[in-house]
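K.L.:
Dumping the structure here so I can ask a few things about it.
The values are calculated or read from the model by the stated rules, or taken from the named source; none is laboratory data. Note that the structure is a prediction, hence the values are computed from the model and not measured. Here the Cβ is made from the backbone with ideal geometry for all residues, glycine too, and neighbour counts use every protein chain on show. These area figures cover heavy atoms from the full protein model, side chains too; ligands, DNA and RNA do not enter into them. Shrake-Rupley method; radii C 1.70, N 1.55, O 1.52, S 1.80 Å.
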Amino acid sequence: MDFADSDVDLAFRRTVGGWLDEALRDVPDQEELSQDEREHWSRVWQDRLCAGGWAGLSWPVEHGGRGLDALAQAVFNEEAAVRGAPYPLNGVGMMLAGPTIIAHGTDEQQARHLPGILHGEEYWCQGFSEPGSGSDLASLRTTATRVDGGWRINGAKIWTSNAHNASRCLLLARTDAEAPKHRGITYFLAPMDGFTIRPLEMINGDTEFNEMFLDDVFVSDDDVLGGVGNGWRVALTTLAFERGSMALNLWVWARQAVDRVVDLAVERGVADDSAFVDAVGALQCDAEAVRIGSMRMVGETRAGGVPGPETSALKSLWAGVVQNANRLAVQLDEAGGVLLDGDGAAARMRRYLRARAHTIEGGTEEVQKSILAERVLDLPRSR
Amino acid sequence: MDFADSDVDLAFRRTVGGWLDEALRDVPDQEELSQDEREHWSRVWQDRLCAGGWAGLSWPVEHGGRGLDALAQAVFNEEAAVRGAPYPLNGVGMMLAGPTIIAHGTDEQQARHLPGILHGEEYWCQGFSEPGSGSDLASLRTTATRVDGGWRINGAKIWTSNAHNASRCLLLARTDAEAPKHRGITYFLAPMDGFTIRPLEMINGDTEFNEMFLDDVFVSDDDVLGGVGNGWRVALTTLAFERGSMALNLWVWARQAVDRVVDLAVERGVADDSAFVDAVGALQCDAEAVRIGSMRMVGETRAGGVPGPETSALKSLWAGVVQNANRLAVQLDEAGGVLLDGDGAAARMRRYLRARAHTIEGGTEEVQKSILAERVLDLPRSR
Amino acid sequence: MRATFTQEQQEIAEAVGSLAESGKGTARAALSGPWQAPAGDAALLRDFGLLGVPEAVGGIGSSLIDLLVAVEALGEHLVASRFPAHAAAVQLMCGDRARSVPLPADVLDGRRVLTAAVDAPGAAGWADRVPVDPLVRTLVPYATQADAVVALGPAGVWLADPIGVTARESVDPSVPLSDVALSAAEQVTQPGAGVHRAALVVAAELCGVAQGAVELAAEQARTRRQFGRVIGSFQGVAFPLAEAATARKAAWDLTLYAAWAVDNARPDAEIQVHAAKAAAGRAAIFAAERCIQVHGGMGITMEADPHLFLRRAFVLDARFGRGSWHRRRVGALRIAARRPTAPR
Amino acid sequence: MRATFTQEQQEIAEAVGSLAESGKGTARAALSGPWQAPAGDAALLRDFGLLGVPEAVGGIGSSLIDLLVAVEALGEHLVASRFPAHAAAVQLMCGDRARSVPLPADVLDGRRVLTAAVDAPGAAGWADRVPVDPLVRTLVPYATQADAVVALGPAGVWLADPIGVTARESVDPSVPLSDVALSAAEQVTQPGAGVHRAALVVAAELCGVAQGAVELAAEQARTRRQFGRVIGSFQGVAFPLAEAATARKAAWDLTLYAAWAVDNARPDAEIQVHAAKAAAGRAAIFAAERCIQVHGGMGITMEADPHLFLRRAFVLDARFGRGSWHRRRVGALRIAARRPTAPR
């Protein structure tokens, strides 16, 4: 077991790091910005990635990519996160839509969409979750009804990032109401004309997600990806790309959360309180466990394995560190964190409130524990 | 709402306290004794209670008791616990068997058993739990088969305190295998001839409990209490008396656990560590909540109510305080608590290990939370 | 022992509960507009002003618990009334047992609305923690909607007209918070148990917030279905709610007992007040966090109500000394009491 | 990055696992009689003595992780072998990178069995915490079953014959503990990373104990029925076990990484070692407590095995500095690293 980068990896990291340092030179700390400003920088950042040739990092060369392995994208994202880079506005296009279309699309579909993604001209969003489906993604109820030359789609989607910037949607809909719930689903590369989009305000005031309402939206047969009724399997591919691309980000966010509360305590002169020192010790252990666990997961993947249920342990540890560190930071505030016009207080409260979602999004804490119970401990299904 | 004792209550407390102070004068601190020594003092203490006329405190006068209300026993036990009195060796007789026989017994049964309990001549134990039944008490499998003039009983019981000192057992057995599980049970006042008793060593080395094996044990019809098939209802009476008599003990044990860890920290000179101060603050809050909650429960009972599901919250808080305080005490020990020949170390480890049982005995932590979920929060049954 | 609610206390809870129902929704309304008095605001100030006021200062023998029962009901429904802040201010003035002058009539009948100015910037609000200078108090609720403030300083308590009020941005806009600047008091009265009495008003509101959050979470758990079952039937959902209910009950019991202890000048009153404030803040924040979790994705949106409980919980936990400070004080007092040199 | 176990490491785990299976039960046997060497004791000392020993001191290029993999497997089965104590002592001697004299051959081939004497009465065992006087060490495992001790003092490490051994009563009788008195060292070597290397041997055994406790608990949860269902199908039972498994994985990952960091003289090696020891102790104690809980009434009896894991967990958590001390050290180092004056 060796945690050191190979020479090749190290060279790649250096290349990436060098480019990032240069490209980020004029980009402000995203944590201090308003949501509009952050969105602005996300767009700028997306353009720079495309211009720099980083958009198709792990795509095969024949599709215009750099032909690196799947891990390269994770490393790039890690190095970007370490530097506090903006989130690219077409992350869904680059890291989910592109790879999924490469894996399951027809030549025609690939020709139609891949160049637009590479050149930052076609923005995507992901229409999987629904208001009623929650943790049980496959219970989705958006319907696609056969019509001449395509499908008429009705339903509602939720938790869609960037819907208002996207022109295309990775859309799951039920094409066969009679089939078992995982079988009757089809995956569409839907144009978003006719989608009604409503921003969803989060408890921290941000609107990073949207609701989307589909009333008789037409999608042509050409936009079925991977075959009618095969949508669940295609969706699993997308979800795997999603997890893969973020594989090395969780630990960065965990470390940043711990560092921020430590810095605040140092600044406030309360960092020597032994109860605080104990708390930092516990947070630091878990944050490092996320980092090391992520390296092991990547190592397994590279050795030809697939990420196992242990990734649920990392998700769970990560959510705990970030939630606890952010709560601690709010409570270190002079006025208990409740006066938002205090120095940095609004950002701390925003992060604390945002972190409440970490045990909900991307598989709830309850789902993670169920996965660990069933697949690591071999306990019977409890849901 | 008034938490002060009434004048009558206060007078009773003073009477009890005065007698206890006197009667305990030569009794050593039980925490420092071996199990044999503790059992010796339990026997001595039982004799003193009987001689002092405290055995039938809440029994009606016509049965030789003092005719006080059910609470009086709880107050007596509270005052005894505060002073660290031994546990009376025939607590089951005085506080469970007597009241249950008074509630459900025939004149003949009352005449046969009550005097012996009052005079400390007939010791009882409680044969409810079984090796397989666990939290699901009514799933008991000990069988009583009809034979001439009585019943032949076969099965095994577990968690029986004082079985080796008792001559009679409050015994539940299944008399009708066809009936629904709560209906086919009968309650016996069983003589213990023919019981095989095996002490059960606990993880702290004590043997406060026993297993009992019953092979073709004969119990006569005269020893059926409350009617054949009515055993579950009678057992609920016994369990209510058990809870009632201990109603004011939990908080005492919680406070003692907190005080002990505080005293140890003061002695060791580590009580000013802020992490320790925080921990004591949290423990103290919960320990006081148990005390106050117990007073409110008693208040409700006196006002004619029945203790509600909130008692599960008290049980849960109590177990948490005692477990956490005892763990903290062990870990304050110079050598991490693992060298048992250190000053007081063996007693601390014994208490820590004993406390692990607090989330298991008397209704597991999981059962308490289920009760709260179902009966306080009105959530559907989850087991 | 008559550790049960009196008939009168049950009636207070009911009456205030009804008013609270009508005032519900003000916490949400304040997210998108300025604070507006909820329906029951005037009635509360007018009709319940004598609750918890000792006879010596113009009361009619109502116990502190009477007042807390009313405040708890308001907290449960997140009513954005000035009444709890006013009541806390009144209690702050009630603490001096030597005081024999009744409180002003217009204060007691709610025509003159008060608020308490206790927390000093950088220090939890408590008499022995408030610095002599500067005369600035923070976290003062409804300062611009009140007629005067009752201030706490190291030397005592005084009724003041602030010489400056700076509105701050509160995480719960339905509890507008301000910094107020005071001129030096000309005359102060002994704080006595005033700060204890007032802190318990805040603790009681926190207990109500915890209760409301637990109820909302339970309602969601009873109705929302996932994987073909109501989610409340999963112990993974139900057990944390049972823990929240337990924490809330502990906090409420501590608060009620502390009020009794203060009213009866029991020697343990001080530590009980700290315990109540600490436990109530913890219970309310924990319950609100769990309420969000049970609501899943919707729980992290402005549209759903759980975050309203969280905002209120944070504001109240911060006032009159933060919960974490009170908890440490509980520990310190308990340890001090067990030191061999101290009388036991 | 090749953050996966090598073929060799997998083979070590397998081989030691087999030996461990045959040595199982010794933890229980010691409850009722004196410690006896388990079946694999001699084979372990003889055949695995070169694991983790750097080439400079007589090794064959085996990494510290190789050794930890072996020790973890022993912990999982609670094997009461002297091997982990011997290996920790050897590692204590391996720390000085300047050292070029190989360790004695009879030590490396297990003919001469060592144990480490590190913890001083009243102080967690760590070079900068060990007082100069008196020359007494505590919590020394297998002192009477070993041929010599490797001692750690403020000035360095030395191989010693104790001038006095006082057997203590261990909460886990299968790990006999003693106090040993030492004469002043005539010659010491620099401790270097020795104490780091040795502490990780203890951390690895703790990770094994955590793993064994989780496995035993899961087995019980898979088979025991209550209310007509296997109890593992209740989330109230399953979720805490998932937490225990998570804590154990975190501890093991930290331990493996710390070993790599020490072997490669990485700048973060120190904090990683503290993190590993802290997390491993916490995981083992937590897992053993949960294992008891899942076993219900039987879990609190001597007859069932869960308490054996708890005993071992406590002994190992106490050695080489208690877990709570290591956790605080992690916090202090992290805070120090973020102070503006410190290089980041």
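K.L.:
Taking strands (runs of 3 or more DSSP E) that do not extend beyond region B:79-194, which have at least 2 residues that are on the phi > 0 side of the Ramachandran plot and not assigned by TED's automatic domain parsing to the domain that holds residue B:49? It would help to see each step written out before you state the result.
P.N.:
Working: elements: B:124-127, B:143-147, B:150-161, B:168-174, B:185-191.
Qualifying strands (runs of 3 or more DSSP E): B:150-161.
Residues are listed down the side, and each one gets a yes or a no for (1) β-branched (Val, Ile, Thr); (2) over 30 Å from residue C:227 (Cα atoms):
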{"residue": "A:61", "(1), (2)": "yes, yes"}
{"residue": "A:73", "(1), (2)": "no, yes"}
{"residue": "A:117", "(1), (2)": "yes, yes"}
{"residue": "A:124", "(1), (2)": "no, no"}
{"residue": "A:157", "(1), (2)": "no, no"}
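K.L.:
So how many residues does region C:138-157 have that are free of Cβ contacts under 8 Å to residues at least 40 places away in the same chain and in a helix (DSSP H, G or I)?
P.N.:
Qualifying residue count for the region: 2.
K.L.:
OK, next. Any idea how many residues of region B:266-301 are open to solvent by 20 Å² or more (accessible area, probe 1.4 Å), more than 7 Å from every other protein chain (Cβ to nearest Cβ) and under 25 Å from residue B:363 (Cβ atoms)?
P.N.:
3
K.L.:
Looking only at region C:20-36, how many residues end up being under 24 Å from residue C:62 (Cβ atoms), touching a residue at least 24 places away in the same chain (Cβ under 8 Å) and either assigned to a loop (DSSP other than H, G, I, E, B) or more than 18 Å from the chain's Cα centre (by Cα) (or both)? I'd like the intermediate steps shown before the answer.
P.N.:
Filtering region C:20-36 down to residues under 24 Å from residue C:62 (Cβ atoms) leaves C:20-23.
Next, from what is left, pick out any that are touching a residue at least 24 places away in the same chain (Cβ under 8 Å): C:20-21, C:23.
Subsequent filtering for residues that are either assigned to a loop (DSSP other than H, G, I, E, B) or more than 18 Å from the chain's Cα centre (by Cα) (or both) retains C:21.
Looking only at that region, the number is 1.
K.L.:
Taking helices (runs of 4 or more DSSP H) that do not extend beyond region C:223-319, which have at least 3 residues that are buried (at least 21 other Cβ atoms within 10 Å of the Cβ) and more than 8 Å from every other protein chain (Cβ to nearest Cβ)?
P.N.:
Values: elements: C:235-263, C:269-294, C:296-299, C:306-318.
Helices (runs of 4 or more DSSP H) meeting the threshold: C:235-263, C:269-294, C:306-318.
K.L.:
Which condition does residue A:379 not pass, out of (1) away from chain C (no Cβ under 12 Å); (2) part of a loop (DSSP other than H, G, I, E, B); (3) surrounded by fewer than 20 Cβ atoms within 10 Å (Cβ to Cβ); (4) without any contact (Cβ under 8 Å) to a residue 40 or more places away in the chain, if it passes all the others?
P.N.:
(3)
K.L.:
Does region B:270-285 include one or more residues that are in contact (Cβ under 8 Å) with a residue 12 or more places away in the chain, part of a helix (DSSP H, G or I), within 17 Å of residue B:359 (Cα to Cα) and not acidic (Asp, Glu)?
P.N.:
Looking for residues that are in contact (Cβ under 8 Å) with a residue 12 or more places away in the chain, part of a helix (DSSP H, G or I), within 17 Å of residue B:359 (Cα to Cα) and not acidic (Asp, Glu), one finds at least one in region B:270-285, hence yes.
K.L.:
Take the residues in region A:127-158 that are open to solvent by 10 Å² or more (accessible area, probe 1.4 Å), among the polar types (S, T, N, Q) and within 14 Å of chain C (Cβ to nearest Cβ); name whichever of them is farthest from the chain's Cα centre (by Cα).
P.N.:
So, considering only residues that are open to solvent by 10 Å² or more (accessible area, probe 1.4 Å), among the polar types (S, T, N, Q) and within 14 Å of chain C (Cβ to nearest Cβ), the one farthest from the chain's Cα centre (by Cα) is A:139.
K.L.:
Still on this structure, I have one more. Being open to solvent by 10 Å² or more (accessible area, probe 1.4 Å) and among the small types (Gly, Ala, Ser) is true for just one of C:203, C:199, C:146. Which residue is that? Reasoning before the result, please.
P.N.:
Numbers: C:203 fails: open to solvent by 10 Å² or more (accessible area, probe 1.4 Å); C:199 fails: open to solvent by 10 Å² or more (accessible area, probe 1.4 Å).
When all the criteria are applied, what remains is C:146.
K.L.:
Something else about it: Please find, within region B:55-70, the residue that is nearest to residue B:10 (Cα to Cα) out of those that are of a type in the set (A, V, I, L, M, F, W, C) and surrounded by fewer than 21 Cβ atoms within 10 Å (Cβ to Cβ). Spell out how you get there, then give the answer.
P.N.:
The initial filter retains those residues of region B:55-70 that are of a type in the set (A, V, I, L, M, F, W, C), namely B:55, B:57, B:59, B:61, B:68, B:70.
Pick out the ones that are also surrounded by fewer than 21 Cβ atoms within 10 Å (Cβ to Cβ) and you get B:61, B:68, B:70.
Numbers: B:61: 22, B:68: 14, B:70: 16 Å.
Filtering region B:55-70 for residues that are of a type in the set (A, V, I, L, M, F, W, C) and surrounded by fewer than 21 Cβ atoms within 10 Å (Cβ to Cβ), the one nearest to residue B:10 (Cα to Cα) comes out as B:68.
K.L.:
Looking at region A:159-181, which of its residues are buried (at least 19 other Cβ atoms within 10 Å of the Cβ) and more than 20 Å from residue A:193 (Cβ to Cβ)? Explain how you work it out, then say what you get.
P.N.:
Taking region A:159-181 as the starting set, the residues that turn out to be buried (at least 19 other Cβ atoms within 10 Å of the Cβ) are A:159-160, A:162-163, A:166, A:168-175.
Selection gives A:159, A:174, A:175.
K.L.:
Could you go through region A:301-323 and let me know if any residue there is over 30 Å from residue A:170 (Cα atoms), part of a helix (DSSP H, G or I), touching a helix residue (DSSP H, G or I) at 6+ places or on another chain (Cβ under 8 Å) and of a type in the set (Lys, Arg).
P.N.:
No.
K.L.:
Please state which of the following conditions residue B:317 fails to meet, knowing it meets all the rest: (1) within 13 Å of chain D (Cβ to nearest Cβ); (2) open to solvent by 10 Å² or more (accessible area, probe 1.4 Å).
P.N.:
It fails just one condition, (1).
K.L.:
Sticking with this structure for a sec: Please state which one of C:336, C:342 is at pLDDT below 95 and surrounded by fewer than 20 Cβ atoms within 10 Å (Cβ to Cβ). Let's see the steps before the verdict.
P.N.:
Values: C:336 fails: at pLDDT below 95.
Testing whether each residue is at pLDDT below 95 and surrounded by fewer than 20 Cβ atoms within 10 Å (Cβ to Cβ) leaves just C:342.
K.L.:
Would you pick out the residues in region C:112-125 that are touching a residue at least 40 places away in the same chain (Cβ under 8 Å) and either open to solvent by 50 Å² or more (accessible area, probe 1.4 Å) or touching a Leu at 6+ places or on another chain (Cβ under 8 Å) (or both)?
P.N.:
Hits for region C:112-125 are C:113, C:114, C:116, C:117, C:118, C:119, C:121, C:125.
K.L.:
Here's another thing I want to ask about it. Which of the numbered conditions does residue C:332 fail, given that it passes all the others? Conditions: (1) within 10 Å of chain A (Cβ to nearest Cβ); (2) among the small types (Gly, Ala, Ser); (3) more than 21 Å from residue C:204 (Cβ to Cβ).
P.N.:
Only one criterion in (1) within 10 Å of chain A (Cβ to nearest Cβ); (2) among the small types (Gly, Ala, Ser); (3) more than 21 Å from residue C:204 (Cβ to Cβ) is unmet by residue C:332, namely (1).
K.L.:
Please work out if residue C:97 is surrounded by fewer than 24 Cβ atoms within 10 Å (Cβ to Cβ), more than 14 Å from chain B (Cβ to nearest Cβ) and touching a helix residue (DSSP H, G or I) at 6+ places or on another chain (Cβ under 6 Å).
P.N.:
Details: surrounded by fewer than 24 Cβ atoms within 10 Å (Cβ to Cβ): yes; more than 14 Å from chain B (Cβ to nearest Cβ): yes; touching a helix residue (DSSP H, G or I) at 6+ places or on another chain (Cβ under 6 Å): no.
No; evaluated as a whole, the condition is false for this residue.
K.L.:
Please tell me if residue A:203 is under 24 Å from residue A:37 (Cα atoms), surrounded by fewer than 22 Cβ atoms within 10 Å (Cβ to Cβ), at pLDDT 95 or above and hydrophobic (A, V, I, L, M, F, W, C).
P.N.:
Values: under 24 Å from residue A:37 (Cα atoms): yes; surrounded by fewer than 22 Cβ atoms within 10 Å (Cβ to Cβ): no; at pLDDT 95 or above: yes; hydrophobic (A, V, I, L, M, F, W, C): yes.
Answer is no for this residue.
K.L.:
Would you please list the contacts, defined by Cβ atoms under 6 Å and residues six or more apart or on different chains, that run from a residue in region B:161-178 that is under 17 Å from residue B:218 (Cα atoms) to a residue that is among the basic types (Lys, Arg) and surrounded by fewer than 23 Cβ atoms within 10 Å (Cβ to Cβ)?
P.N.:
Between residues of region B:161-178 that are under 17 Å from residue B:218 (Cα atoms) and residues that are among the basic types (Lys, Arg) and surrounded by fewer than 23 Cβ atoms within 10 Å (Cβ to Cβ), there is no close pair.
K.L.:
For residue B:349, which of the numbered conditions (1) crowded, with 24+ Cβ neighbours inside 10 Å; (2) in contact (Cβ under 8 Å) with a residue 60 or more places away in the chain; (3) more than 11 Å from chain D (Cβ to nearest Cβ) fails to hold?
P.N.:
(3)
K.L.:
Moving on to the next point. Restricting to region C:168-192, and then to whatever is touching an Asp or Glu at 6+ places or on another chain (Cβ under 8 Å) and part of a loop (DSSP other than H, G, I, E, B), can you tell me which residue is nearest to residue A:346 (Cα to Cα)?
P.N.:
For region C:168-192, the residue satisfying everything is C:169.
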